[in-house]
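The numbers here are math on the coordinates, done by the rules we state, and not lab data. Only a predicted model underlies this, so the values are computations on that prediction, with no experimental measurement involved. Heads up, the Cβs are rebuilt from the backbone with ideal geometry, glycines too, and the neighbour counts pull from every protein chain shown.
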Amino acid sequence: MIEPGFEGAKPYSGDRHIPKPQRRVERVISLLIAGIAFLNFPILSVFSKIELVFGIPVLYFYLFLVWGLIIGAMALILHDRPQKSSASPAEKEPEER
Amino acid sequence: MLQHWVILLVSFGYLSILFAVAYYADKRADSGRSIIGNPYIYTFSIAVYCTGWTFYGSVGRAASTGVGFLPIYLGPTLAATTWWLVLRKIIHLSKTNHITSIADFIASRYGKSSVIGGLVTVISVVGIMPYIALQLKAISTSFNVLFQSTAEKAGEISFGHDTALYIALVLAVFSILFGTRHIDVTERHEGMVAAIAFESIVKLLAFSAVGIFVTCTMFDGPADVFRQAAAAPETSRLMSMDSLPGGYASWLALTFISMTAIVFLPRQFQILVVENVNEEHVRTAAWLFPLYLLAINIFVLPIALGGIMFFQSGSVDADMFVLTLSLKHEKTVLALFVFIGGLSAATGMVIVETIALSTMLCNDLMMPILLRLKLLRRDGMGRVLLAIRRGGIVLILLLGYLYFRLIGESFALVTIGLVSFAAAAQFAPAILLGIYWKGASRRGALAGLAGGFIVWAYTLLLPSFARSGWISMSFVEPGPFGIFELGPYHLFNLTGFEPITHSVFWSMLFNVGLLVGVSLFGRQEALEQLQAAMFVDVYKKRAPDSADAPLWHGTTLVSDLKGLVERMLGAERANAAFRSYAVQHAIELHNDASADENLIAFAERELAGTVGAASARVMVSSIIEGEALSIEGLMKILDETSQVIEYSHRLEQKSRELEAATRELKRTNERLKELDRMKDEFVSTVSHELRTPLTSIRAFSEILQDDENMDPQQRQQLLRIVVQETERLTRLVNQVLDFTKIESGAYQWTREKMDLVAVMQEAVTATGQLANNRKISVTREVLDGPVFVFGDKDRIVQVIINLMSNAIKYCAPETGKVHLRLSHTANEAKIEVIDNGSGIEPEERERIFERFHQLRDSSKGKPQGTGLGLAICKTIIENHNGSIWVEGNHWNGSSFMFTLPIMTD
């Protein structure tokens, strides 16, 4: 999985200069792994009980909470671009001739 | 009270609104002011994922499995996290290759193979059949529920079983109007996308409305629903994972297949990839679409729980709770709205799915067959295409109806849908491996897809037929021919999984296994390699103008090429395309000129946008004269070029290695020459040294022999010289012998504990005479106590004597000074011999300890000594685990020093 973001990215030149697109790729993949971990056995089994929090079943509450967090994180990751789009040439892929 | 005609009127009225939306969007698109060119419409159109399944089925599933409806929506959320990487690449590839469908995409990746395209089409049509049936079931059931609520009062009879057939036919007409209205068959349908986005908003509103009604009107808010539900055992069990059949394994499997379904269901691929306007829209859709899913699912569980509690006995189909709950409360307007929402969800799915499937049927199944049979040579092929597509839509809907009639009554909505999801998952390996692994081959993909499809059909499709009575139930239990191990729900004795999980496991194992295995052990053809490299490396920059140009190596006339494109696209579009090509490349296209490779490639791409990559290839090759496909030749050239490059790389490396070796050899040679010279000098020195005493011995001996009358005193003096010279000779020979002995390792060391102070004393005494002769002052600096080391005392004394006599030899007589110093640290003792002699050049300091090396000093003429003294010293010291070296000092002389390890008790 080293596609779009990696293309045209400069090689590492110290921690502070990790290219933006590459960082985004790393974040997205981490989010996917975290999402799979938090939405599966065994963590789910912790919440699999008949109990209400804020009047909502705890399993239901937990699932929707994680779901919402993933959506929020995704929005942050994908819209985090201090420079305008023209300033990140690595993300602008070559158009068809 | 709802009259039949009201229901029908509202339904058709709603469909007309949809049509108006589509028509408006198409008009806007034609005038160049597209309304779908923004990420929000794109996101809403993706929500075609939420079908009658979501609208009716989720509640039904929640009513029996609790949170079991959620993996279908959590999977897409997880998948959406990768969209920025994976989906964007797929979109990019599809745009550059004018991809028209998922079958086209896979076929294109695997060498534009029409066999693969056909197989994917068959899998899609068969796999999606249950899904279409699900929509028909959802709509017809909801119709019947509505009708019955009025029929009870009016005593009328509803349409009965054939509701589904009428619905199928109406939907077919509607889909044809939507998707295949135009003569110019393009891959994109702006009007449809706009209508789908509109439908997505309607179904979200309708479902939220009934959700709010149930939680806030029937109950006192969500907390009240859950509190009451928690109190009753039949509802409280839905609040944990225990109510999900198959448990966590099933949860994982459902998450997995819905992750793949969100992109690889034919209609999702159509909306996400083919209808995509701008790759940038993925950025927003990747989080906004999951948010839509979350919103439409929030009320599912409250409605399900409310429904169960309201209809105590369970006599009502849970799939229809959303409708029945509002009907029971006499909320007819709400019920109608809900019905419209469900209609939206189901029709949206059917429209997009049938359009996507009919495109595939036409481009990837029928066209290649017709082209092979040479049945498509007449003008106006566009009309034929349209006819095929329209026929395809009707066929697909009828297949769906057939499946519904067969098994519709025996399954819940979600169970039917999951069968289709498992089928769509079969495309995931071929696509995902295909865009990241060049090695995935056509044969591999073919084997994987076929294998996965067969396992899927065997473990999911056939058993559903068995339920309907088409096949004997004994096929499912215990298994075909009574063999338990072959039973479709416990293949090879794998038990403990529920049918979906079981099928997903086996089909994926076969699919991925065959794809990877066959790819690894087979060869790829030239076109495959080319396409594989193009798909995997799509973002790598290519040299401009090199895109597809060299693929065609025959000739054809511009007019022929234009004629072909015209037949497919219509004269107007073809002319426009060729004009824009001419403008772009600043050339003029004459009809009777021969088309160059770029133009042929351009025409192929244009055609691919309409008939798919595989068909376009066949078509273009049919009008090219001469050698149509020169890819093998091209690849050969490429191969040769890369081999030449490879060879030259190797040559360069070899020559670098050779250069290094040469340098090494040169250095060694110099050293050898130097050693040789030293040896020569040594031999001559030794001979010279030997000859000098020998000459004098011989001369004096002759004098003694000849002159018998010499006076005794003079004779005595001569004899003394002879003896002295003999001693010198012996010493020299001894030294040579010593050295060779030590060097060859034959010397016997006699090691003992010794005091360095005493050793120094001995050496000073031994050299005292020599120092006195040259009038050189020798001073000493020793420690109070003894310093013990372990070693060969005589040899250490020899080292010090050697160093001291050297020092004395190189000091000027009278003014010469030699200082001897002993010091030590915790581990080692250090002895220094410091003189104020002529000193040693820094560059000589290393080599002075080498054997035969002698200081050359022009002012002193021939070298003094044998050149062995210091070499012997070094050997001895190193043999004692010490080290010896020389430095300059403040007297401008040299300081020789060596260290020895101190003896610890």
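Does the range A:20-78 classify as rounded, prolate or oblate by the C-alpha gyration tensor (a ≥ b ≥ c root eigenvalues; a/c under 1.5 gives rounded; else a/b over b/c gives prolate, otherwise oblate)? Here the range A:20-78 falls in the oblate category.
Just need the relative contact order of chain B here, percent rounded to a whole number, with Cα pairs under 8 Å and 6+ apart. Write out the running numbers ahead of the final one.
Values: 1336 pairs, mean separation 129.5, N = 905.
With pairs under 8 Å counted, the relative contact order is 14 percent.
Over all other residues within a Cβ to Cβ distance under 13 Å of residue B:342, the charged ones net out to 0, with Lys and Arg as +1 and Asp and Glu as -1.
Among B:706, B:680, which comes first, second and so on when ranked by fewest other beta-carbon atoms within 10 Å? Before the final figure, lay out each step's value.
Working: B:706 8, B:680 11.
Ascending Cβ contact count within 10 Å gives the list B:706, B:680.
Go through B:660-671, B:434-445, B:879-890 and give me the packing order, highest mean Cβ count within 10 Å leading. Intermediate results must be reported in sequence, preceding the final value.
Working: B:660-671: 10.0, B:434-445: 22.1, B:879-890: 15.8.
Going by the mean number of other Cβ atoms within 10 Å, highest first, we get B:434-445, B:879-890, B:660-671.
A prolate overall shape is assigned to chain B, the ratio a/c of its alpha-carbon gyration tensor axes (a ≥ b ≥ c) being 1.5 or greater and a/b exceeding b/c. Inter-chain Cβ neighbour count for A:32-39, averaged per residue, equals 4 (cutoff 10 Å, partner chain atoms only).
Quick one: order B:5, B:287, B:749 by neighbouring beta-carbon count within 10 Å, fewest to most. Intermediate results must be reported in sequence, preceding the final value.
Values: B:5 8, B:287 23, B:749 13.
Lowest to highest Cβ neighbour count: B:5, B:749, B:287.
The phi torsions of the range B:14-24, fed into the Karplus equation with coefficients 6.51, -1.76 and 1.60 and a -60° offset, translate into couplings of 5, 4, 5, 4, 4, 4, 4, 4, 4, 4, 4 Hz, rounded to whole numbers, with Gly and Pro shown as x.
So what's the net charge close to residue B:488: Lys and Arg +1, Asp and Glu -1, counting the other residues with Cβ under 15 Å from its Cβ? Display every interim value, and only then the final one.
Working: positive: B:467; negative: B:477, B:485, B:498.
Here the charged neighbours net out to -2.
With a/c under 1.5 counting as rounded, go ahead and sort the range B:1-141 into rounded, prolate or oblate using the C-alpha gyration tensor (a ≥ b ≥ c being the square roots of the eigenvalues; past the cut-off, prolate if a/b is larger than b/c, else oblate).
On the way: a/c = 1.70, a/b = 1.26, b/c = 1.35.
It comes out oblate by the Cα gyration axes.
Shown here is the pair-distance distribution of the protein assembly as shown: with all Cα-Cα distances grouped in 10 Å bins from zero up to the longest one, the shares run 2, 9, 15, 16, 12, 7, 4, 5, 6, 8, 7, 5, 2, 1, 1, 0, 0, 0 percent.
When the charge dipole of chain B is built from unit charges on Cβ atoms (+1 for Lys and Arg, -1 for Asp and Glu) and taken about the Cα centre, the candidate among B:398, B:252, B:444 whose Cα reaches farthest toward its positive end is B:398. Per-residue Karplus couplings for the range B:89-104, computed as 6.51 cos²θ - 1.76 cosθ + 1.60 with θ equal to phi - 60°, are listed in order as 5, 4, 4, 4, 4, 5, 5, 5, 10, 6, 6, 10, 6, 5, 5, 4 Hz, Gly and Pro entered as x. With contacts taken as Cα pairs under 8 Å and at least 6 residues apart, the range B:429-498 reaches a relative contact order of 16 percent. Arranged from fewest to most other beta-carbon atoms within 10 Å of their beta carbon, B:898, A:61 become A:61, B:898.
Around the Cα centre of the range B:160-281, unit charges on the Cβ atoms of Lys, Arg, Asp and Glu (plus for the first two, minus for the last two) sum to a dipole of about 220 debye.
For the segment B:69-81, counting C-beta atoms of other chains within 10 Å of every residue's C-beta and taking the mean gives 5.
Select from the range B:748-836 those GluC sites (Glu not before Pro) which occupy a DSSP coil region and have at most 11 other Cβ atoms within 10 Å, ordered by residue number.
For GluC sites (Glu not before Pro) across the range B:748-836 that sit outside H, G, I, E and B with at most 11 neighbouring Cβ atoms in 10 Å, the list reads B:814.
Taking the Cβ of residue B:520 as the centre, find all other residues whose Cβ is under 15 Å away and add up their charges (Lys, Arg: +1; Asp, Glu: -1).
+3
Based on the Cβ-Cβ distance from residue B:734 to residue B:655, what FRET efficiency comes out when R0 is 60 Å, to the nearest 0.05? Don't skip to the answer; put the middle values down first.
Details: r = 53 Å, r/R0 = 0.88.
Taking R0 as 60 Å, the efficiency between residue B:734 and residue B:655 is 0.70.
Backbone phi angles across the range B:492-502, fed through the Karplus curve with coefficients 6.51, -1.76 and 1.60 (θ = phi - 60°), yield HN-Hα couplings of 6, 6, 7, 10, x, 10, 7, x, 5, 4, 4 Hz in residue order; Gly and Pro are listed as x. The amide H of residue B:829, built 1.01 Å from its N in the peptide plane, has B:900, B:902 as neighbours under 5 Å, considering only residues 5 or more places off or on other chains. Other protein chain C-beta atoms within 10 Å of residue C-beta, averaged over A:50-59: 6. Farthest toward the positive end of the dipole of the protein assembly as shown, out of B:434, B:20, B:601, is the Cα of B:20, where the dipole comes from beta carbon charges about the Cα centre. A simple charge model with +1 on the Cβ of Lys and Arg, -1 on the Cβ of Asp and Glu and nothing else charged puts the dipole of the protein assembly as shown at about 1440 debye relative to its Cα centre. Entry note, chain B: the mean residue ellipticity at 222 nm calculated from DSSP H runs of n ≥ 4, each adding -39500 (n - 2.57), is -21500 deg cm²/dmol after division by the residues and rounding to the nearest 500. Going toward the positive end of the dipole of chain B, with +1 on Lys and Arg Cβ and -1 on Asp and Glu Cβ, which of B:215, B:805, B:106 do you reach last? The residue sitting farthest along the positive end of the dipole is B:215. Across the range A:20-78, the relative contact order, built from alpha-carbon pairs under 8 Å that are at least six residues apart, equals 39 percent.
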